[in-house]
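> Sharing a structure with you now.
The values are calculated or read from the model by the stated rules, or taken from the named source; none is laboratory data. Computed from a prediction, not measured in an experiment: that's the story for all the values here. Every residue, glycine as well, gets a Cβ built from its backbone with ideal geometry; the counts of neighbours run over all protein chains shown. Please note that ligands, DNA and RNA were not included when accessible areas were found on the heavy atoms of the full protein model with its side chains. Shrake-Rupley method; radii C 1.70, N 1.55, O 1.52, S 1.80 Å.
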Number of protein chains: 2
Amino acid sequence: MQDESYKKSKAEMLPDPVVCTVDVVLLTLREGSFCYALVPREQEPFQGVAALPGGFVHPAEDKDLRASAERVLRDKAGIQGVYLEQLAVFSGVARDPRGWSISVAWYTLVPLEALQAALATGVILREVADLGGLPFDHAEIVRVALERVRSKSTYSSLPVHLCPATFTLPQLQAVYETLLGEPINKVSFRRKMEELAFVEPIKGEFDSSGAHRPAQLYRLKAKYRSRLSLTDRGMNSGG
Amino acid sequence: MQDESYKKSKAEMLPDPVVCTVDVVLLTLREGSFCYALVPREQEPFQGVAALPGGFVHPAEDKDLRASAERVLRDKAGIQGVYLEQLAVFSGVARDPRGWSISVAWYTLVPLEALQAALATGVILREVADLGGLPFDHAEIVRVALERVRSKSTYSSLPVHLCPATFTLPQLQAVYETLLGEPINKVSFRRKMEELAFVEPIKGEFDSSGAHRPAQLYRLKAKYRSRLSLTDRGMNSGG
DNA sequence: CTAACTTAGTTGCATTCTGCATCTTAATTG
DNA sequence: CAATTAAGATGCAGAATGCAACTAAGTTAG
């Protein structure tokens, strides 16, 4: 404390090095239940414990933080080509036993079909109701991701990304109902999908797998495929 | 490139130091126009240029990134006691001439009355339509903040924070109209405020300053005062 | 072969929500 | 004290929403 004025003025000028990590919450639906992806940690701390795919930011290697998150997801989970959305930043001394750090958290929604290779090579899915045993503040990160996704899901195109490339309206409705946790009126749902118009019927293609009338197949319109939600622009700008 | 395997495995284990800053977008209404706050930069680069209040994160000094942003806002702009909401993280090599960095951006909405002291000591207000001359990627940060606030403003309690502690419904309606950029039907607005019920009339108190019938004074209900918006929980968790 | 069953998808209607015009209230101003 | 102004309430028409009932198109059981 004996040289505080010097310390303060210096502190205002010079950057302190900050331990900066990224973590990814990858969400999917497995047999009707909402799940997130974990990978076993390769290093201490928490070696061997299932954790969110995450790792250090490497400025020399990564164009920006999105690139960091994409690299980590590719290297740790073997997953590529998904669109990541910024979730939030978590920070402080308590979240990592090694000391003060920040984690820039990202999230994405993918159909189970896109995870087959990853699941065969060590990626684990866990239901979102089960947040036990997670290292660091990963339980909190998943909790925030769930809140975000659920609050954005009411009649946005976000949940469509949990469906495969083609799907029927009843299937899509079931996805919304799982995320929102409540039943939706069939007619209202169809009217809303018609009005919002981010999905389109695939002419002449039907799902005839059930013992009943076949259902029209739909797909997400092209302009909604590149990002998770067009109302998300505010969080997509971390350049 | 001659020792890449070593470099890669090391890169996965060890943290690289990252230059980490915070920037604050403080928004207010001045004479009916939407404005953001700037302060002249004290140091190079861009010394003397008006910029968002911002600075380096100091882990030894700051409990977490919210504390960093609060410290910066207090030290650079003399503003305290406002509730900051996370906006987004901006990152990359291009945003700062000194090289690769990240900025965790925060935003807040305050009534002009709360800025009187700050405005007397160097803080500048500029209309949101004018993003010219800003250093770093601050124009982009303000643009994203505007998008975020506007998209959250449709019948949320967010715009109320631009009003002083007490206000009339016509005044509040004018605030919403400024933010949303379009007129709102008076009856619909009042019905919605009644339904959402985040403001309450102050019994027996009226604004009689006009040459017409006095208007009932309202205030934000207590439980909505501590944060900007109750629907924002997802971004309030950076611990 | 056909009736029963199941789910897809539509139609009609009652109820609720929303926008707009009009009316009333309570102040100031000339 | 009439005219003016803006606050605030009322009534109603049209749109949006929720629900029940209906039709459509397949499979399955007898």
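> Any of A:K152/B:K63; B:K192/B:K221; A:K152/A:K192; A:K63/A:K221 with alpha carbons more than 20 Å apart? Name them for me.
Working: A:K152/B:K63 30 Å; B:K192/B:K221 15 Å; A:K152/A:K192 15 Å; A:K63/A:K221 30 Å.
From A:K152/B:K63; B:K192/B:K221; A:K152/A:K192; A:K63/A:K221, over 20 Å: A:K152/B:K63; A:K63/A:K221.
> Here is a further query. Applying the Karplus parametrisation 6.51 cos²θ - 1.76 cosθ + 1.60 with θ = phi - 60° to the phi angles of region B:126-139, what ³J(HN,Hα) value in whole Hz is obtained for each residue in order, glycine and proline being reported as x?
Per residue, the Karplus-derived 3J(HN,Hα) values read 10, 5, 5, 6, 9, 10, x, x, 7, x, 6, 9, 5, 4 Hz.
> Dipole of chain B, Cα-centred, from +1 at each Lys and Arg C-beta and -1 at each Asp and Glu C-beta, to the nearest 20 debye?
On the way: 29 positive and 29 negative charges, 165 e Å.
Value, rounded to 20: 800 debye.
> I'd like to know which of B:F198, B:P15, B:I79 lies farthest towards the positive end of the charge dipole of the protein assembly as shown, counting +1 on Cβ of Lys and Arg and -1 on Cβ of Asp and Glu.
My answer, from the dipole projection, is B:F198.
> I'd like the carbon and sulfur percentage of the solvent accessible area for the protein assembly as shown, probe radius 1.4 Å, heavy atoms only, ligands and nucleic acids excluded. Can you show the working numbers first?
Numbers: 11890 of 22740 Å².
For the protein assembly as shown, the apolar C and S fraction of the accessible surface comes to 52 percent.
> Check each residue of region B:12-27 and keep those whose accessible area, probe 1.4 Å, is at least 40 Å² smaller with all protein chains in place than in the chain alone; give them in order of residue number.
Residues of region B:12-27 that lose at least 40 Å² of accessible area once the other chains are added: B:E12, B:M13, B:P15, B:D16, B:V18.
> Longest exposed-loop-site-free stretch of chain B, with GluC sites (Glu not before Pro), DSSP loop and at most 15 other Cβ within 10 Å? Please list the in-between numbers first.
Values: sites that count: B:E31, B:E42, B:E61.
Longest run free of exposed loop sites: B:62-239.
> Which of the trypsin sites (Lys or Arg not before Pro) across region A:60-109 are loop residues per DSSP, with 12 or fewer other Cβ within 10 Å?
Working: sites: A:K63, A:R66, A:R71, A:R74, A:K76, A:R95, A:R98; in loops: A:K63, A:R95, A:R98.
Answer in residue order: A:R98.
> Continuing with the same structure: How far, in degrees from 0 to 90, does helix A:186-196 lean away from the longest principal axis of the Cα atoms of chain A, to the nearest 10?
Once rounded, one gets 60 degrees.
> Further, regarding this structure: Measure nothing fancy, just the Cα-based angle from helix A:4-13's long axis to the longest principal axis of chain A, in degrees from 0 to 90, nearest 10.
With both axes taken from Cα atoms, the answer is about 40 degrees.
> Taking amide hydrogens as modeled 1.01 Å from N in the peptide plane, which residues meet the under 5 Å criterion relative to B:S157, leaving out close sequence neighbours?
It is B:L230, by chain and number.
> Something else now. Between helix B:169-180 and chain B, what is the angle of the helix's C-alpha long axis to the longest principal axis, kept within 0 to 90° and rounded to the nearest 10?
Computed tilt is about 40 degrees.
> What whole-number volume per residue, in cubic angstrom, does the convex hull of the C-alpha atoms of region A:68-196 give?
Numbers: hull volume 16.4 nm³, N = 129.
It is 127 Å³ per residue.
> Let me ask another. Dipole of chain B (Lys/Arg Cβ +1, Asp/Glu Cβ -1, origin at the Cα centre): which of B:A94, B:A50, B:S229 lies farthest to the positive side?
It is B:S229.
> With θ set to phi - 60° and the Karplus curve 6.51 cos²θ - 1.76 cosθ + 1.60, what are the ³J(HN,Hα) couplings of region A:85-93 in order, to the nearest whole Hz, using x for Gly and Pro?
10, 5, 9, 5, 10, 10, 8, x, 8
> Once you keep just the Cα pairs under 8 angstrom separated by 6 or more residues, what percentage relative contact order results for chain B? Don't skip to the answer; put the middle values down first.
Working: 359 pairs, mean separation 48.0, N = 239.
Relative contact order, chain B: 20 percent.
> Follow-up question, since we're still on this one. Given a 1.4 angstrom probe, what's the average accessible area per residue across the protein assembly as shown, in square angstrom? Please report the intermediate quantities before stating the final value.
Working: 22740 Å² over 478 residues.
Using a 1.4 Å probe on heavy atoms only, each residue of the protein assembly as shown averages 48 Å².
> Still on this structure: What translational diffusion coefficient, in µm²/s and rounded to a whole number, does the Stokes-Einstein relation yield for region A:25-117 at 4 °C and a viscosity of 1.567 mPa s, taking the hydrodynamic radius as the Kirkwood radius over Cα pairs?
Values: Rh = 14.3 Å.
Diffusion coefficient, whole number: 91 µm²/s.
> Let me ask you something else. Once the label point is placed 7 Å from Cα along Cβ, list for A:V49 the distances to the corresponding points in the other copies, in nm, shortest first.
4.4
> Please work out whether region B:158-230 counts as rounded, prolate or oblate from its C-alpha gyration tensor, where a ≥ b ≥ c are the square roots of the eigenvalues and a/c under 1.5 means rounded, while otherwise a/b larger than b/c means prolate and anything else oblate? Let's see the in-between values first.
Working: a/c = 1.59, a/b = 1.13, b/c = 1.41.
Judged from the Cα gyration tensor, region B:158-230 comes out oblate (a/c at least 1.5, b/c at or above a/b).
> Another question, if that's okay. Between chains B and A, what is the buried accessible area in Å², counting both sides, with a 1.4 Å probe and ligands, DNA and RNA left out, to the nearest 100? Numbers along the way, then the final one.
Values: alone 13250 and 13260 Å², together 22740 Å².
When B and A are taken together, about 3800 Å² of accessible area is lost.
> Compute the Cα gyration tensor for the protein assembly as shown, then decide on rounded, prolate or oblate, letting a ≥ b ≥ c be the square roots of its eigenvalues: rounded whenever a/c is under 1.5, prolate when a/b is larger than b/c in the other cases, and oblate in all that remain. Walk me through the intermediate numbers first.
Values: a/c = 2.07, a/b = 1.11, b/c = 1.86.
Oblate.
> Report the residue of chain A with the smallest Cβ-to-axis distance, using the rotation axis that brings A onto B, in whole Å.
Residue and rounded Å distance to the axis: A:P17, 1.
> May I ask you to evaluate 6.51 cos²θ - 1.76 cosθ + 1.60, the Karplus curve with θ = phi - 60°, for each residue of region A:200-216 and list the ³J(HN,Hα) values in order in whole Hz, giving x for glycine and proline?
9, x, 9, 3, x, 10, 9, 9, 9, 6, x, 8, 6, 4, x, 10, 4
> While we're here: List the residues whose amide H sits under 5 Å from the amide H of B:V25, counting only those 5 or more places along or on another chain, with H placed 1.01 Å from N in the peptide plane.
Answer set, sorted by chain and number: B:W106, B:Y107, B:T108.
> How big is the charge dipole of the protein assembly as shown about its Cα centre, in debye rounded to the nearest 20, if each Lys and Arg gets +1 on its Cβ and each Asp and Glu gets -1 on its Cβ?
Rounded to the nearest 20 debye, it is 1280 debye.
> For region A:10-152, what is the charge dipole size about the Cα centre, in debye to the nearest 20, if Lys and Arg each add +1 at the Cβ and Asp and Glu each add -1 at the Cβ?
Values: 15 positive and 19 negative charges, 31 e Å.
Dipole magnitude for region A:10-152 comes out near 140 debye.
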